[in-house]
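Okay, structure first, notes after.
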Amino acid sequence: MCATSLILLAILAQTSPLTADPQAKAQAQALLGQGTKLYEQGDVADALEKFQAAYAAYPSPKLMFNIGQCNRDLSRPVEAVVAFEKFLAGAADASPEMAADARKAVAQLQKKLGRIQIDCETAGAEVSVDGRNVGLTPLPEPIWATPGRHQVTAKHASAAPGIEDVDVAAGLVSTMTMRLRSLEVPVAAAAPKVAPGFDVQAAPPPGGASEGWWLGRKWTWVAAGSTVLLAAGAITAGVLMQSKFDSLRSSCGAGNPARPGCSQSDIDSVSSRKTVANVFWGLAGATAVTTGVLFFVEGRPVSVAPMAGGTTGLVAAMRY
């Protein structure tokens, strides 16, 4: 690895594009040198960080060889094979020795790995395997993965996230399809702008006249129910009054010679029941009238129109 890193330092200087930032190239060369020293000392993890920082500063595909070597030494076969493939695809002018080493490493790693073919009907979805981002759909090729079960996640702004598990075997391609459920975003209807001098009519609510005259009339039915209850109370009070009257008539009324007269308390009891019956009948009549008014008013659209002045509502009429 030491000789290879020194070769990369020289190649990096020779194959720099004319439009490259000299400062970025110098930074990458410094990081590459630091990473080489760390790798020679056996500190592979820190060396990998330096090589990745060098690639971020100056994305030369040749740096992927070093990155692949470090990942392989750290037992990260997926990251290693991906790095070596990027090196072989982008560093066409690399030395034959380095290219041969990279192809040999890829062949060895591929025997230990499987691949996941991920199909998704939603384009532009972000796909992750075990939390590692692998790209956007449609993915150009299957994804490398170690043997075993893996969790695949697909996310898109217009759909609910999709999560699926897939089993991977070494040397095989596992195919899976991700189907994302679209999110229905309600669009709020904007209130219409009405110029002064025009009628404003509220739209009938759902369940209006088209669904039946009995719908949308809550207070009408409350008044109607009250009318029925009050009428029932009046009838009950009237029946009790009549029953008491018949009882007194047979026991102490004019038809009974043995008791020519009834006591005042008996007469008052009949009168109180008569009063209660009359009160109930009066209330029942009032609620009946209210029911009739509400029946013609409730649930109908209201129209408000100005009759005078340039400002709506200065003098206005309300119609049902």
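FYI, it's all coordinate maths here, none of it is from the lab. Please read these numbers as outputs of a predicted model, since none were measured by experiment. Glycine gets a Cβ as well: all are built from the backbone with ideal geometry, and neighbour counts include every protein chain shown.
A crude spin-label estimate for the pair Ser128 and Asp268, with each label 7 Å from Cα along the Cβ direction, gives 8.7 nm.
Which pairs break 26 Å Cα to Cα here: Lys37/Lys62; Lys25/Lys104; Lys25/Lys50; Lys62/Lys155? Beyond 26 Å: Lys25/Lys104; Lys62/Lys155. Between amide H atoms placed 1.01 Å from N, distances below 5 Å from Leu180 occur with Glu121, Thr122, all of them 5 or more places distant or on a separate chain.
A simple charge model with +1 on the Cβ of Lys and Arg, -1 on the Cβ of Asp and Glu and nothing else charged puts the dipole of segment 34-186 at about 200 debye relative to its Cα centre. Loop-resident trypsin sites (Lys or Arg not before Pro) (DSSP state other than H, G, I, E or B) in segment 66-144 with no more than 14 further Cβ atoms inside 10 Å of their Cβ: Lys111, Lys112. Computed extension length for Lys37-Ala99: 20.0 nm, one decimal, from 0.36 nm per residue of separation with the Cα-Cα distance subtracted. Close amide H contacts of Leu113 (hydrogens built in the peptide plane, cut-off under 5 Å, sequence separation of 5 or more or a different chain): Gly171. Note on segment 114-178: with charges restricted to the Cβ of Lys and Arg (+1) and Asp and Glu (-1), its dipole about the Cα centre is near 140 debye.
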